[in-house]
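Have a look at the structure below before the remarks.
The values are calculated or read from the model by the stated rules, or taken from the named source; none is laboratory data. Here the structure is a predicted model, which means the values were calculated and not measured. Because the Cβ atoms are built from the backbone with ideal geometry, glycine has one as well, and the counts that use them run over all protein chains shown.
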Amino acid sequence: MRPLLIAALIALAADAMAADLRFVDVTAEAGVAVKNVCGESPAKKRWLVEAMGAGAAWLDFDGDGNLDLYVVNGSTFDRPADGGEPNRLFRGDGQGGFSDVTAAAGVGHRGWGFGAAAGDVNGDGLVDLFVTNLGPNVLYLNKGDGTFRDATKASGVSGDQWSSSAALFDMDLDGDLDLYVGNYMVTDPKLVPARGSKNADHCQYKGIAVACGPRGERPIQDQLYRNNGSGVFTDVTARSGVSLETPRYALGVVTFDYDNDGDQDIYVANDSVANSLWRNNGDGTFSDQGLRSMAALNADGRSQAGMGTDAGDFDGDGWMDVVVTNFAHDLNTLYRNKAGKFFVDDSQLAGLGPTFLTLSWGVGLRDFDRDGDLDLMIANGHVYPEVDGYSVGTKFRQRNHLFLQTEGRLKPHNAADGDGFSLERSFRGAAFADYDNDGDIDIFLTTLDEPSVLLRNELDDDSRWFGVRLIGEKSNRSAIGARVRLRVGERSWVQERVGGGSYLCGSDPRILIGLGDLKQPVSAEIQWPGGGRETIADVPLGRWLTWREGENSR
């Protein structure tokens, strides 16, 4: 079938599929409601750290093929080290149910937590956990018996600052996972004035006294750790070139191959300053191509207040595009990749105008309606609780955005009463996964000071899909950096297993590609990190597969 005809069929089906798309809040029945602790109550928050929330990560820690969920929690300034509530690990049964196994697994860290990343860091076939904190970070190594051990001290990745998002990826293609940690700002109450104090007169938002920062406060250098092969890391921040004379306020991190040269690069969403695009030079060093590639500023040449970020082939041209969420009264930004040479800010043309009033955090480029192109989900919520007492055109608790794509244009999903997108919270993290293994993307959302939310996608159509779990052998076991290309006639879809993404979160380690109502046979090609390629003709659809490097197992 000709490519234009295929595209036309997908476009005709798009509106019908959108009508069948519905998200249901199943938090209570799934048993994954975790109330966020992040400083004092909204009326008493004095420092910015108390308004940033925490994230979560999807993973299969016990290797049973079902996704589990790790939820990070925070603390308060009167007990920042031991925390108020522990982080939580929920074991999934693959049918939509979860059980709390935190205590048995030994991963109930009680520090002031922020983000999480999951992957096999020591190459033993088991998924490990890295947790970012205000203060020392934590690395949990999976023992394979349902428990983890704290390997932070021996691994060399603890740090002692305010870390935000982190990404595991194989920077040097040696078959193990390295680690990029985004860091934010100094937040010692002895150094940063509290909201409303005599030294905080300059800390205002639209005339309202608010928490100070990040501008005017000291940023912290991000860190890059090289894995020595067994889960022990060396800090290579300086020698790799990612050290900046003036650090930036990092919040979101995603790794992906933007120039299609076979290795993963690093994109960092920075708050209030230019974003960073670190090009992997292939020799252990990186160069910041953010300004040169036009992916650091918006179309007006302004830096924005980046919160979260994700990458995916939005326009189907085989090059990975980037989305960044930003502060209120500014658009979220969609950067289209022009053959790895530069990016174009296509936010307005793509239809992101409705994001102007909201303050956005977690984000995902995913095919939520399974029609064959990437859609966009954005988690919203203001950072300043004080806005509710004033007429400033925004509010603290907000609805999230879901935009469905049709031929490059994003159209808002109109949530009916009872749909999960009608909920109003001060949302923060968004982690995406097919947790119930039914072939569509569900969403786990963290909030500020309220319980988390699990939205189950109840897509009601017979669209086809391809889903695969990749296992590296020569490549890193988590297959981060691998690409899947599906072909139907002359049309193709590309999806990369990125590292990190969203805000403080980790999403489904598997790859899911929607195919709409196409009925033709589909072939799949895997490009493994390092360049190896494998192909299977007429792949099975509509069920989750496993593809092990070099074996073509299903």
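Scan the range 445-479 for residues that are closer than 20 Å to S360 by Cα and either acidic (D, E) or at pLDDT below 95 (or both) and report the count.
Adding up the residues that qualify gives 2.
Out of all the residues in the range 296-309, is one or more among the β-branched types (V, I, T), under 28 Å from S492 (Cα atoms), within 16 Å of the chain's Cα centre (by Cα) and crowded, with 21+ Cβ neighbours inside 10 Å?
Scanning the range 296-309, I find at least one residue that is among the β-branched types (V, I, T), under 28 Å from S492 (Cα atoms), within 16 Å of the chain's Cα centre (by Cα) and crowded, with 21+ Cβ neighbours inside 10 Å, so the answer is yes.
Which residues, counting only those in the range 472-485, are crowded, with 21+ Cβ neighbours inside 10 Å and not polar (S, T, N, Q)?
G472, R477, A479, I480, G481, A482, R483, V484, listed by residue number.
What tally of residues in the range 118-155 results from selecting those that are hydroxyl-bearing (S, T, Y) and surrounded by 24 or more Cβ atoms within 10 Å (Cβ to Cβ)?
Within the range 118-155, residues that are hydroxyl-bearing (S, T, Y) and surrounded by 24 or more Cβ atoms within 10 Å (Cβ to Cβ) number 3.
State whether the residues of the range 275-288 include one that is touching a residue at least 60 places away in the same chain (Cβ under 8 Å), crowded, with 24+ Cβ neighbours inside 10 Å, within 27 Å of M52 (Cα to Cα) and of a type in the set (G, A, S).
No, because not a single residue in the range 275-288 is touching a residue at least 60 places away in the same chain (Cβ under 8 Å), crowded, with 24+ Cβ neighbours inside 10 Å, within 27 Å of M52 (Cα to Cα) and of a type in the set (G, A, S).
Within the range 175-199, count every residue that is on the phi < 0 side of the Ramachandran plot and either modelled with pLDDT under 95 or surrounded by fewer than 18 Cβ atoms within 10 Å (Cβ to Cβ) (or both).
10
Going by the conditions given, is R510 among the basic types (K, R), crowded, with 20+ Cβ neighbours inside 10 Å, modelled with pLDDT of 95 or more and under 18 Å from I471 (Cα atoms)?
yes
Answer yes or no as to whether P86 is modelled with pLDDT of 95 or more and surrounded by fewer than 24 Cβ atoms within 10 Å (Cβ to Cβ).
yes
Looking for whichever is of a type in the set (S, T, N, Q) and touching a Phe, Trp or Tyr at 6+ places or on another chain (Cβ under 8 Å) here; the options are S523, S492, S463, S475. Which one fits?
S475
I'd like the residue in the range 138-157 that is among the small types (G, A, S) and touching a Leu at 6+ places or on another chain (Cβ under 8 Å) and, out of all such residues, is farthest from N228 (Cα to Cα).
Here the answer is G144.
Between D375, D371, D442, D367, which is modelled with pLDDT of 95 or more, over 24 Å from R302 (Cβ atoms), of a type in the set (D, E) and touching a helix residue (DSSP H, G or I) at 6+ places or on another chain (Cβ under 9 Å)?
D371
Examine the range 156-169 for a residue that is at pLDDT 95 or above, farther than 18 Å from G115 by Cα and either among the β-branched types (V, I, T) or buried (at least 23 other Cβ atoms within 10 Å of the Cβ) (or both), and state whether such a residue exists.
no
Go over the candidates F61, F130 one by one and state the one that is touching a residue at least 40 places away in the same chain (Cβ under 8 Å), assigned to a loop (DSSP other than H, G, I, E, B), closer than 22 Å to I511 by Cα and under 22 Å from the mean Cα position of the chain (by Cα).
F61
What about V383, is it modelled with pLDDT of 95 or more, within 20 Å of G429 (Cβ to Cβ) and of a type in the set (A, V, I, L, M)?
yes
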